[in-house]
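Heads up, the thing below is written out as structure tokens.
We did not get these values from a lab; they are worked out from the coordinates using the rules stated. Predicted model only: the values in this text are computed from it and were never measured. With ideal geometry, Cβ positions are generated from the backbone for all residues, glycine too; neighbour counts draw on all protein chains shown.
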Amino acid sequence: MADLARSIGNTSLVELRRIVPPGAARVFVKVESANPTGSHKDRMALAMIEAAEARGELRHGMTVLECTGGNTGCSLAWVCAVKGYRFTVVSSDAYSKEKLDTMRAFGAELVIEPAVGGRITPDLWPRMLARAEALRREPHVFYTDQFHNRDAQTGQARLGAEIADELARVDAFCAMVGTAGLLIGAGRALRERFPAVRIVALEPTTSAVLSGGAPGSHRVDGTASGFVPPLFDREVAREVRALDETLGRETARRLAREEGLFAGTSTGMNVAAALELARELGPDRVVVTVACDSGLKYLSGDLFAP
């Protein structure tokens with residue numbers, strides 16, 4: 001398994017050059033598409049599986065189960081294929097076809113919960129979670145339960161440490177919140193090195209639950225499930241910002257055309273917020289965010305449609 005672990009992480013940290021406005025802080029992006037399945041979720045998937053193995057909760061012959069909108073499912077499907085576990089995933093047709101097809105390619109069994117109008121609506125995740133809860137009661141099943149699994153944050157802490165190893169200062173770090181594993185895990189690691197760093201949680205304006213609003217529908221895969229995730233820690237993320245999804249989608253297209261950085265909508269939202277922070281902080285400061293995955297996962301949708 002040493003080769004598996006070495007294939008994850010140590011991804012590039014790149015500075016944006018063309019879309020950062022004059023007089024703003026420097027903006028760096030951690031490019032997680034270089035991981036084996038093309039997203040930062042590979043880090044958490046391996047951490048959850050290996051921690052469960054070490055505790056004796058997961059043994060060969062068992063089936064791994066998760067409820068996921070896409071990237072976590074792709075990552076777990078890959079880890080399970082490498083380690084020889086069966087994998088069952090509860091997902092939905094609201095999420096990208098490429099992600100669902102990737103899970104199937106790695107041998108996952110998919111249980112699909114139909115979406116309403118192809119969108120991530122407030123009722124979708126409760127329905128998906130209910131199906132997962134029923135399946136976890138079957139014998140010889142290990143439920144990774146990403147929304148409650150603290151091992152996921154351990155996997156993401158390395159991402160924050162890698163950023164800190166490359167930069168002499170970080171003034172702000174921002175990321176969209178799904179399970180909160182990325183923001184809180186990496187955020188804690190960054191605060192250990194840079195105590196004054198601002199850790200900023202992001203969400204779409206149409207489902208701004210962290211900001212105190214009501215859950216609503218959106219099309220940002222892997223984020224804003226309609227409830228405050230149990231792993232979200234306001235002592236780490238002391239700021240929350242809601243962004244217009246349209247701005248995030250346009251930023252994703254600009255990243256591809258002007259920076260050569262090919263990623264999805266959540267990355268567009270991350271960078272749009274990073275640019276806002278950079279304008280506010282001004283020169284001689286540093287803002288960091290994450291390119292969560294590859295734009296190749298969204299080509300069947302309308303994100304990059306002409």
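Please find, in a Gaussian network model of the chain (springs between Cα atoms separated by less than 10 Å), the residue of Ala81, Ala130, Ala54 whose mean-square fluctuation is greatest.
Result: Ala54 has the largest fluctuation of those listed.
For the Cα atoms of the chain, what angle does the longest principal axis make with the long axis of helix 71-83, in degrees from 0 to 90, nearest 10?
50 degrees
In the neighborhood of Leu296, defined by Cβ-to-Cβ distances under 14 Å, what is the net charge if each Lys or Arg adds +1 and each Asp or Glu adds -1?
Working: positive: Lys97, Lys99, Lys297; negative: Glu32, Glu98, Asp101, Asp221, Asp293.
Counting the neighbours of Leu296, the net charge comes to -2.
Summing Lys, Arg as +1 and Asp, Glu as -1, what charge do residues with Cβ under 14 Å from the Cβ of Ala152 carry, Ala152 excluded?
Values: positive: Lys41, Arg43, Arg150, Arg158, Arg188; negative: Asp42, Glu50, Glu66, Asp145, Asp151, Asp233.
Combined, the nearby Lys, Arg, Asp and Glu give -1.
Going highest first, how would you order 185-191, 98-104 by mean Cβ packing within 10 Å?
Numbers: 185-191: 24.3, 98-104: 20.4.
Sorting 185-191, 98-104 by mean packing, highest first, produces 185-191, 98-104.
Roughly speaking, what is the stretch gain from Arg17 to Arg238, that is 0.36 nm per residue apart minus the C-alpha to C-alpha distance, in nm to one decimal? Display every interim value, and only then the final one.
Working: separation 221, 0.36 × 221 = 79.56 nm, distance 2.84 nm.
Contour length minus Cα-Cα distance gives 76.7 nm.
Any idea what angle helix 41-55 forms with the longest principal axis of the chain, computed on alpha-carbon atoms, 0 to 90 degrees, nearest 10?
Helix 41-55 sits at roughly 50 degrees to that axis.
Which order do the peptides 225-238, 200-213, 37-50 come out in when sorted by mean C-beta neighbours inside 10 angstrom, highest first?
Values: 225-238: 16.9, 200-213: 20.1, 37-50: 26.9.
Most protected by this proxy first, the peptides run 37-50, 200-213, 225-238.
Roughly how tilted is helix 124-136, in degrees to the nearest 10 and between 0 and 90, from the longest Cα axis of the chain?
Between helix and principal axis, roughly 40 degrees.
Using Cα extents along the principal axes in Å as the read-out, say which of [x] 59, 43, 39; [y] 64, 44, 42; [z] 59, 42, 35 was calculated from these coordinates.
Step by step, Cα extents along the principal axes in Å for this structure corresponds to label [z].
About the Cα centre of the chain, what is the dipole size in debye to 20, counting +1 per Lys and Arg Cβ and -1 per Asp and Glu Cβ, all else neutral?
My answer is approximately 160 debye.
Using a Förster distance of 22 Å, how high is the FRET efficiency between Asp93 and Ala134, based on the Cβ-Cβ distance and rounded to 0.05? Please report the intermediate quantities before stating the final value.
Values: r = 19 Å, r/R0 = 0.88.
Efficiency for this residue pair is about 0.70.
Say the dipole of the chain comes from +1 at the beta carbon of Lys and Arg and -1 at that of Asp and Glu; which of Ser33, Gly222, Ala189 then lies farthest toward its positive end?
Ala189
For the chain, what does -39500 (n - 2.57) per DSSP helix run (n ≥ 4), summed and divided by total residues, give at 222 nm, in deg cm²/dmol to the nearest 500?
About -11500 deg cm²/dmol.
Can you tell me, using C-alpha contacts under 8 Å and at least 6 residues apart, the relative contact order of segment 95-234 as a whole percent?
Details: 171 pairs, mean separation 36.1, N = 140.
26 percent.
Which net charge results for the neighbourhood of Glu235, defined as the other residues with beta-carbon distances under 14 angstrom from its beta-carbon, given Lys and Arg at +1 and Asp and Glu at -1? Show your work: numbers first, answer last.
Numbers: positive: Arg188, Arg191, Arg198, Arg234, Arg238; negative: Glu192, Asp233, Glu239.
My count for the surroundings of Glu235 gives +2.
Can you pull the one-decimal nm distance between simple spin-label points at Phe227 and Ala161, each 7 Å off the Cα toward Cβ?
3.2 nm
For Ala168 and Leu296 in one chain, what is 0.36 nm times their gap in residues minus the Cα-Cα distance, to one decimal in nm? If you can, show how the numbers build up before the last one.
Values: separation 128, 0.36 × 128 = 46.08 nm, distance 3.25 nm.
My answer for the length gained is 42.8 nm.
For the residue pair Ala214 and Arg119, what label-to-label distance in nm results when each label sits 7 Å from Cα along the Cα-to-beta-carbon direction?
1.3 nm
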